Amino acid sequence: MKTFAHPMKSAAPAAKSAARVLMLTALTASLAACSMFSGKDKPKPMDLGPNPAKIAVHQAWTVKLGSEVPLAMPALVQGNNVTVVTKDGSVTTLDGSTGSQVGKFNVGEALTTGVGSDGQRTAVVTRSNQLMVFAEGKQLWKQTLNAAVYTPPLVAGGRVFVMSADRSLAAFDGNNGRELWSVEGPSNEPLILRQPGVLQAVGNNLVVGVSGRLAGVDPDNGSVRWMAPLAAPRGTNDVERLVDLVGPVSRVDGSVCARAFQASVGCVDVSNANVRWTQSSKGSDGVAGDAQAVFGAESNGTVQAWSRNDGQRLWSIDKLQYRKLTAPLVLGRSVVLADDFGTVHMLSREDGSALARLETDKAGVATSPVVAANTLVVVSRSGTVYGFKPD
């Protein structure tokens, strides 16, 4: 087994690695509860006033999945379809245009993250650390992993790539589940995040988040080609020094922009591993962007935009503070974020001004909104999926 931290160092035994990851996962359960939104004296959000309604949007459909949707379970879009997981282990695929059910299967136990799929195979990871791959709702194979997984698997090129909670990485044959290679994660980090990290294909690289760095990995053998630092550990305790990269990221051609948890936002040119820029930013969820700008929300609900070219701040708004925002989505001339109250906010990409607000239910939105078949799809924690379309 290779390692990100020490390429020539031999790997620790699997049993030792598994025990360590279980310990770290337990530690981070308390970290997720520590936020400005907890406690009796939590700040109150601002009154938003009337809906500006500068964009005409209507609710086109709703679908009840039959079970609640956990937080940090990204919805997967492929073509016109969107796939959502629920707490009972169900995986449901909907037509984005109509909301009609395209497919559904139940894994049999709770999942720890969203799904990965190439349109033929769908990969999931269960609470008991089982990597399972399905095709047309039938299980093809499963593999027991040594650690929990909070980042959706990546299914591409006939392989299934999995990044575990300790940021170790492994590749499996998509047809039979045979492990092809594995890379051990950093061994000197006492805390991990129970939320999705960075794992995606960019050209002939797997681009993954390792601590505060983006790494380019050869998908054929797991060798680390390059690393680009976006943040370095700081502070006097383990929580303050946690700088893991979180998803989603913004990719435009060879430019990949990402957030380091509670530390910074930055962009990397993956063609030469050059860090274009970094800016200090205290956020906990990923970013979105276009060719001109990168957008993200601070942990207190301040929404910011940076120039994609050089990182210069373009605008910042504080009207959505203390609403516990999702990661953003770029849609047409708007930036879309949803909140803990079930409201979807459409802001101008140009200056952050409010364009429109949409309402779901009071359970709160579970994950970042997505677009499928020209439909804005929003998933509520209640297990209701909403489809909104332009008039």
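A few points about this structure:
- Net charge contributed by nearby residues that have their C-beta within less than 11 Å of LEU230 (K/R +1, D/E -1): +2
- Computed from the C-beta positions of ASN204 and ASN51 and an R0 of 51 Å, the FRET efficiency is 0.65 to the nearest 0.05.
- Shape box of the range 142-256 [Cα atoms, principal axes, largest first, Å]: 47, 34, 22
- Cα Rg, Dmax, the range 269-391, angstrom units: 14.6, 46
- For the peptides 134-143, 243-252, residues were scored by their other Cβ atoms within 10 Å and the scores averaged per peptide; the highest-first order is 243-252, 134-143.
- Using the empirical formula 2.2 N^0.38 Å as the baseline, the Cα radius of gyration of the range 77-177 reaches a ratio of 1.01.
- Here the simple spin-label model places points 7 Å from the Cα toward Cβ, and for THR98 and ASP269 these points are separated by 4.8 nm.
- Span from the the range 111-153 Cα centroid across to the the range 350-389 one, whole angstrom: 26 Å
- Between ASP220 and GLN78, the FRET efficiency from the beta-carbon distance, with R0 = 22 Å, is close to 0.35.
- Interchain or long-range residues, amide H under 5 Å from PHE105's placed H: VAL91
- Backbone N under 20 Å from the SER307 label point (7 Å along Cα→Cβ), restricted to the range 276-291: 276-281, 288-291
- The calculated FRET efficiency for ALA232 paired with ASP118, based on their beta-carbon distance and R0 = 51 Å, is about 0.90.
- Residues whose amide H comes within less than 5 Å of that of GLY383, counting only those at least five positions distant or on another chain, are VAL69 (H built at 1.01 Å from N in the peptide plane).
- For SER280 and VAL252, the difference between the fully extended length at 0.36 nm per residue and the C-alpha to C-alpha distance is 7.9 nm.
- Percent RCO, i.e. relative contact order, over the range 204-266, from Cα pairs under 8 Å lying at least 6 residues apart: 25 percent
- Residue of LEU325, LEU199, LEU358 that the Gaussian network model of the chain assigns the largest fluctuation, springs spanning Cα pairs under 10 Å: LEU358
- Accessible surface computed residue by residue for the range 57-390, with neighbouring protein chains in place and a 1.4 Å probe, gives 37 Å² per residue.
- Stokes-Einstein diffusion of the range 153-213 at 25 °C, 0.890 mPa s viscosity, Kirkwood radius from Cα pairs, rounded to a whole number: 199 µm²/s.
- Environment charge of ARG333, counting only residues whose C-beta is closer than 9 Å and scoring Lys/Arg +1, Asp/Glu -1: 0
- Per-selection Rg to Rh, the range 112-168 - Cα, Kirkwood hydrodynamic radius: 0.93
- Translational diffusion of the chain was estimated from the Stokes-Einstein equation, with Rh taken as the Kirkwood radius over Cα pairs; at 37 °C and 0.692 mPa s the coefficient is 155 µm²/s.
- Report note on the peptides 375-385, 269-279: ranked by the mean count of other C-beta atoms within 10 Å, highest first, their order is 375-385, 269-279.
The values are calculated or read from the model by the stated rules, or taken from the named source; none is laboratory data. For clarity, every value in this text was computed on a predicted model and none was experimentally measured. FYI the Cβ positions are ideal-geometry reconstructions off the backbone, even for glycines, and counts take in every protein chain you see. These area figures cover heavy atoms from the full protein model, side chains too; ligands, DNA and RNA do not enter into them. Shrake-Rupley method; radii C 1.70, N 1.55, O 1.52, S 1.80 Å.
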